[in-house]
Structures are given as C-alpha cells and as structure tokens.
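Below: the structure, in structure tokens.
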There are 2 protein chains.
Amino acid sequence: MKSIVLFGAGNVATHLFKAFSLAKNFEVVQVYNHKEPALDYFRKAVKTTTDLSQIVPADIYLLAVKDEAIPGLAKKLFPTNALIAHTSGGTSIDVFRNFSRAGVFYPLQTFSKTREVDFKNIPVCIEANNEADLKLLEEMAGEISGNIFNVSSEQRRSLHVAAVFVSNFVNYLYTEGEEICRQNNLPFDILQPLILETAEKITRLNPKEAQTGPAIRRDQSVIESHLQLLNPEQQKIYQVLTQSIQNLHGKKL
Amino acid sequence: MKSIVLFGAGNVATHLFKAFSLAKNFEVVQVYNHKEPALDYFRKAVKTTTDLSQIVPADIYLLAVKDEAIPGLAKKLFPTNALIAHTSGGTSIDVFRNFSRAGVFYPLQTFSKTREVDFKNIPVCIEANNEADLKLLEEMAGEISGNIFNVSSEQRRSLHVAAVFVSNFVNYLYTEGEEICRQNNLPFDILQPLILETAEKITRLNPKEAQTGPAIRRDQSVIESHLQLLNPEQQKIYQVLTQSIQNLHGKKL
C-alpha cells in the first residue's frame, strides 16, 4: 500500500480524496490545509492538520492547492524523501526544481463542490522528473481513471488554455444564452437539448466540420438582425466570434 | 390522418421527414425541392416534385427551406386552403401575412446530415395566427416530440440569437480547443470529458453559478501566461470573453 499526504481542501482535493477512498493500492493517510474549517469534511475519515511540522512521512505529497500557493508550500516541505507532485494545469514541474523527486498529477475536469464526478473517464495528465516516479504516478492515476496521458509541462500549459476555451468560455456563452432567455420570458430548459447535442456532436465529428449558423453561411441579414437585439457587450462578443468563424472558414467559400 | 407537404430537402427537412415517418396521425404525402438531386433520398418513400404547379392539396404546407427562400415560396403558394408554416428560428410569422392560416414549427436543434437525432427531447416552438391552427401544430409537434413550447415571433428571434451563442459560438470555441491540441501534439479526445461535463453541469447548476477559471478568479498571472501562448485572433477572443466574465461577476469580488 502506497501512502499519500493530500495538501488542500478545496474542490480538487475533495474529489481526489473521494476517488482515492476506493483505491486498492494507494491510501490518503493525512490531509493538510492552512485553515481549520475546510478540514471538517475530512476529519471523520482521516488524520488532518493545519501544522506543516506535523506532516507524516509518505510515498507521495500531493499538492491540490491554488496555483499561487504551490511555491510557498514547496519551500516549506523541502527537503523530503517523498515524491512531491501538484495537480495544477498552469504550473510547470519546475516549481519543484530543488526536489530530487518531483511530478505533476493533473486531472483535466471542472470540479464543483455540489456535483459528483466519475473519475473513471477523467483524463489524468502525468509528468515526473524520473522514470520510476512517472511509473508511480501512472499506477496512482490508474487507481482512479482509465484515461492517463503523459503530458509535458509545456503541453500542459497549452492544454490549460484550451480548457479555458472549451469550458470556462463556453460556460460564459451558456450564461449569455440563459440571460437572453430570461429577458424574453423563456425557460432556459428550452436550450439544454441544443447545448448537449452541440457537445456530444463533436465526439463524432471534428468541430470544424460541425460548424453551422449564420456566421459560416455569411448570412448578413440574420447577423444584422441579431446584433440589433443585443446589448453592446453581447454585440462585441457576437462580432468577434462571427469574424473568427468567417476567417477560419474563409477559404471554403 | 392529417397530410403534410414538405418543402425543402436539406438537413431539417430530412430529419423531419424521418421523424414523421413514425407518426400516427400525420403523414408526409409529398416532398418538393427546387432542385432534383436532393430529392433522391425521398423518392423511394414518397411522391416528390420540383414543379410548384404539381403540389397536391394537404392540411399543412411545411416550409423547411433556407430563410431567404421562404418569402418567394410563400408568394408562389398563395392562395391556399392549407395551413402554411415554416421551420425557421429567425423568420417572423409575418412572412405569411397574406395567408388566412399561418404558423411556425421551429425545432430548436443543430442538425447534421451524418448524425441521427432523437426528436423526442427536441423542443419544438410553435406559433399560429389562430387558435385552431395552434392546436393543429401542437398535435403535429406532439407526434414527434414531448417538448413543445408556444413561442411568439419576437421571442423566437431572441431564442435564435441565444442558440447562436450556446451552439454556433460554443462549437467555434471547441474548434479553437482542437487547434490548440493539434499544435501541441495532444489528442483532442483529452478535452472531451471536460466538454461533456461543462454541458451537463448546467442542466443542474445555473451557468452563472457554474463559472470557474482564471477570469472569474481574476488570476492575472495565469491570464497573461495564457495570452503569450495564443495567436492574435485567439488573444482577441480570450480578452473579450475574460473581460465580459469579469464585468458580469464584478460585483461579487
């Protein structure tokens, strides 16, 4: 049995803790957080601490904390015999450059406190500064997911940007859609089958091929009638995205 | 049994034809298209024509043609005893202002030739210029979908804009995500669980509450490192959407 000390008590830490509670060969033996209240959830199941001097020895120190907290925490944990790894999409493995054993364990998903996730399909992107630890992280990822990728820090940085486009920005467009429904006394439910189909479609079709709508059709009269219905901020988004769609698909027309 | 003449042979017409082939009380008795080749698919199952003088009498004339083709087709079909209806999100019922019986039958979904759709969950937005025909369209929609909404032309125009945001523009952001993966030798598959979860999440959570990412966190160092990885067009999209997220969520911070 390999032992993990988990640092952090936010969404990622909580979902990872739940997932590892079902693992066969890895066990979370302690959870650290800098503040006490967030540890309430963990206390009934595992040892917890807010005191870095009380951290127990373990095979892996897994830092599921905010990006900006990683360097400071690393400094305080140095030196250690454990493999130190973080869960951040946007942080290079170089943040651990002083450590002989360092890695990254990045689950590529959007986590909310109130929503359960099934780790089985979540891609886990791993990286390590030596072969043995890459293998260790691969075993660890294999306990919770069937979807493991070796991803370098440079690739992961780009992947994180891509995730912002397909998740954070997409969710913002859903927010605009909901707002337009609300202003016109329409239930947001009416858009949900379209939202789901648009997402499911690209598991079969390349998104470039799946593009539809007035922008790609260059239907200027529809575009203009849409702009009239929007506020200045929505107009800006509409124009920038319409222009980009037309630039990308320009050669075809 | 109520009879339908279907005008058009594109994606919407084809999917509607398939759906009505299973209906109990409505039957497509003829398919018209202005060009011959697109009728090939229909010819084995139903009468087809490219000649408007050969249109048979029917209970409903359903125009599933391009928006810009609706006015011209309406002019040529005038006058008629049939209920004339179109399937367009962006066209007012007023396009049929000369007709005593007029309606709209708008299925709110993204249709691709190569992808089957299950109409049962697709919202069908109906409108008519008299009560009896609204009831007729309701029965007709009920044959293929369990999800029927009375939507005025004004509401439908806004709904169409909302659909552009949550489907056409979202698909474009998927295209950018795919491009970023391709440039970094990462399989696009790696983003698909995130894409699906982002879409499914908002069937439970309000999208405004579901917002995550560097923009809402105002994580300026991540935002700047992302911008460095993008081309000028991607930068513009990134900046406009980041700014909008921060404007919407400004009060909370």
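Just checking, how many residues over segment A:4-19 are among the aromatic types (Phe, Trp, Tyr) and on the phi > 0 side of the Ramachandran plot?
0
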Practice item. Could you check how many residues of segment A:89-124 are among the polar types (S, T, N, Q) and more than 8 Å from chain B (Cβ to nearest Cβ)? Key: 4
Check your understanding: Taking the stated definitions as given, is A:GLU131 touching a strand residue (DSSP E or B) at 6+ places or on another chain (Cβ under 9 Å) and of a type outside the set (Gly, Ala, Ser)?
Key -> no
Check your understanding: Which pairs do you get when a residue that is under 12 Å from B:ILE190 (Cα atoms) and open to solvent by less than 10 Å² (accessible area, probe 1.4 Å), found in segment A:151-169, comes within reach of a residue that is assigned to a helix (DSSP H, G or I) and polar (S, T, N, Q), reach meaning Cβ atoms under 8 angstrom, with the pair 6+ apart or on two chains?
Key -> A:VAL166/B:THR198
Check your understanding: Any idea which residue in segment A:171-195 is nearest to the chain's Cα centre (by Cα), counting only those that are aliphatic (A, V, I, L, M) and assigned to a helix (DSSP H, G or I)?
Key -> A:LEU173
Point to revise | Enumeration of residues in segment A:87-127 that are more than 18 Å from A:GLY146 (Cα to Cα) and in contact with a Phe, Trp or Tyr (Cβ under 6 Å, 6 or more places away or on another chain) | key: A:GLY89, A:ASN98, A:ALA102
Point to revise | Residue check for A:PHE169: at pLDDT 95 or above and more than 7 Å from chain B (Cβ to nearest Cβ) | key: no
Exercise for review: Could you please find all residues in segment A:172-200 being facing chain B (nearest Cβ under 7 Å) and of a type in the set (A, V, I, L, M, F, W, C)?
Suggested key: A:LEU173, A:ILE180, A:CYS181, A:LEU186, A:ILE190, A:LEU191, A:LEU194, A:ILE195, A:LEU196, A:ALA199
**Study point:** Selection count, segment B:148-165, where residues are β-branched (Val, Ile, Thr) and under 18 Å from A:ARG217 (Cβ atoms)
**Key:** 2
Review point. For B:TYR174, all conditions in the list (1) open to solvent by 10 Å² or more (accessible area, probe 1.4 Å); (2) modelled with pLDDT of 95 or more hold save one; what is the number of the exception?
Key: (1)
Exercise for review: Considering every residue within segment B:3-11, establish whether at least one is surrounded by fewer than 20 Cβ atoms within 10 Å (Cβ to Cβ), without any contact (Cβ under 8 Å) to a residue 60 or more places away in the chain and not aliphatic (A, V, I, L, M).
Suggested key: yes
**Study point:** Residues of segment A:85-104 satisfying the condition of being over 17 Å from B:VAL222 (Cβ atoms) and in a loop (DSSP other than H, G, I, E, B)
**Key:** A:ARG97, A:ASN98, A:PHE99, A:SER100, A:ARG101
Review point. Any chance segment B:231-253 includes a residue that's without any contact (Cβ under 8 Å) to a residue 40 or more places away in the chain, within 8 Å of chain A (Cβ to nearest Cβ) and part of a loop (DSSP other than H, G, I, E, B)?
Key: no
**Study point:** In segment A:87-104, residue farthest from B:GLN228 (Cα to Cα) [restricted to those that are of a type in the set (Gly, Ala, Ser) and either in contact with a strand residue (DSSP E or B) (Cβ under 9 Å, 6 or more places away or on another chain) or free of Cβ contacts under 8 Å to residues at least 60 places away in the same chain (or both)]
**Key:** A:SER100
Review point. How many of the residues in segment A:201-210 are within 7 Å of chain B (Cβ to nearest Cβ) and either buried (at least 19 other Cβ atoms within 10 Å of the Cβ) or part of a helix (DSSP H, G or I) (or both)?
Key: 5
Exercise for review: Please verify whether segment B:90-97 includes one or more residues that are of a type outside the set (Ser, Thr, Tyr) and at pLDDT below 95.
Suggested key: yes
Practice item. For residues that are touching a residue at least 40 places away in the same chain (Cβ under 8 Å), closer than 25 Å to B:SER112 by Cβ and in a loop (DSSP other than H, G, I, E, B), tally how many sit in segment B:23-59. Key: 1
Review point. Can you pull out the residues in segment A:220-230 that are of a type outside the set (D, E, K, R) and either open to solvent by 60 Å² or more (accessible area, probe 1.4 Å) or not in a helix (DSSP H, G or I) (or both)?
Key: A:GLN220, A:SER221, A:GLN228, A:LEU229, A:LEU230
Practice item. Hey, can you tell me all the residues within segment B:105-144 that are open to solvent by less than 10 Å² (accessible area, probe 1.4 Å), free of Cβ contacts under 8 Å to residues at least 40 places away in the same chain and assigned to a loop (DSSP other than H, G, I, E, B)? Key: B:ILE122, B:PRO123
Review point. Do we have any residue at all in segment B:180-202 that's small (Gly, Ala, Ser) and at pLDDT below 95?
Key: no
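The values are calculated or read from the model by the stated rules, or taken from the named source; none is laboratory data. Keep in mind that what you see is a predicted model, and the values were worked out from it rather than measured. Virtual Cβ from ideal backbone geometry, glycine too; neighbours counted across all protein chains shown. Only protein heavy atoms, including side chains, enter the accessible area calculation; ligands, DNA and RNA are left aside. Shrake-Rupley method; radii C 1.70, N 1.55, O 1.52, S 1.80 Å.
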